[in-house]
Amino acid sequence: MMTCQQVTELVTSYLERRLPLRDRLRFQMHVGMCRHCRRYLRQMRLTIRTLGRLPPEPIPIEVRDELIVRFRRWKGLSP
Ligand SMILES: [Zn+2]
């Protein structure tokens, strides 16, 4: 079973369809069962759509968190 940590690490690869089938299935299985990661994945999708493209380099985790925080504020989802 994949952990939430692994999901956050693999989300960019997943969205770029760079994951091998086995990892892709494990990723989807986790996201299917984990509400937290489902929300995270949705936000990453929206963030990427907002930026218009995927970044060429994997986003450092702090930058990614910052983007998500900013995005939530922008959408009025968090105080
Ligand atoms: Zn999770």
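The values are calculated or read from the model by the stated rules, or taken from the named source; none is laboratory data. Keep in mind it's a predicted model, so treat the numbers as computed, not measured. Glycine also receives a Cβ, built like all others from the backbone with ideal geometry; neighbour counts cover every protein chain displayed.
In table form, for the structure just shown:
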| read-out | value |
| --- | --- |
| Those residues of the stretch 24-42 which are assigned to a helix (DSSP H, G or I) and touching a residue at least 24 places away in the same chain (Cβ under 8 Å), in sequence order | Arg26, Phe27, Met29, His30, Val31, His36, Cys37, Tyr40, Leu41 |
| Every residue from the stretch 24-47 that is of a type in the set (S, T, N, Q) and either near the ligand (Cβ under 8 Å from one of its atoms) or more than 17 Å from Arg72 (Cα to Cα) (or both) | Gln28 |
| Enumeration of residues in the stretch 1-23 that are among the aliphatic types (A, V, I, L, M) and either within 15 Å of the ligand (Cβ to nearest atom) or touching a residue at least 12 places away in the same chain (Cβ under 8 Å) (or both) | Met1, Met2, Val7, Leu10, Val11, Leu15 |
| Selected residue (criterion: nearest to Arg70 (Cα to Cα)) from residues of the stretch 1-32 that are loosely packed, with under 11 Cβ neighbours inside 10 Å and aliphatic (A, V, I, L, M) | Met1 |
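Conditions tested, residue by residue: (1) under 11 Å from Thr8 (Cβ atoms); (2) modelled with pLDDT of 80 or more; (3) of a type in the set (Asp, Glu).
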{"position": "Gln28", "(1), (2), (3)": "no, yes, no"}
{"position": "Arg53", "(1), (2), (3)": "no, no, no"}
{"position": "Pro60", "(1), (2), (3)": "no, no, no"}
{"position": "Glu66", "(1), (2), (3)": "no, no, yes"}
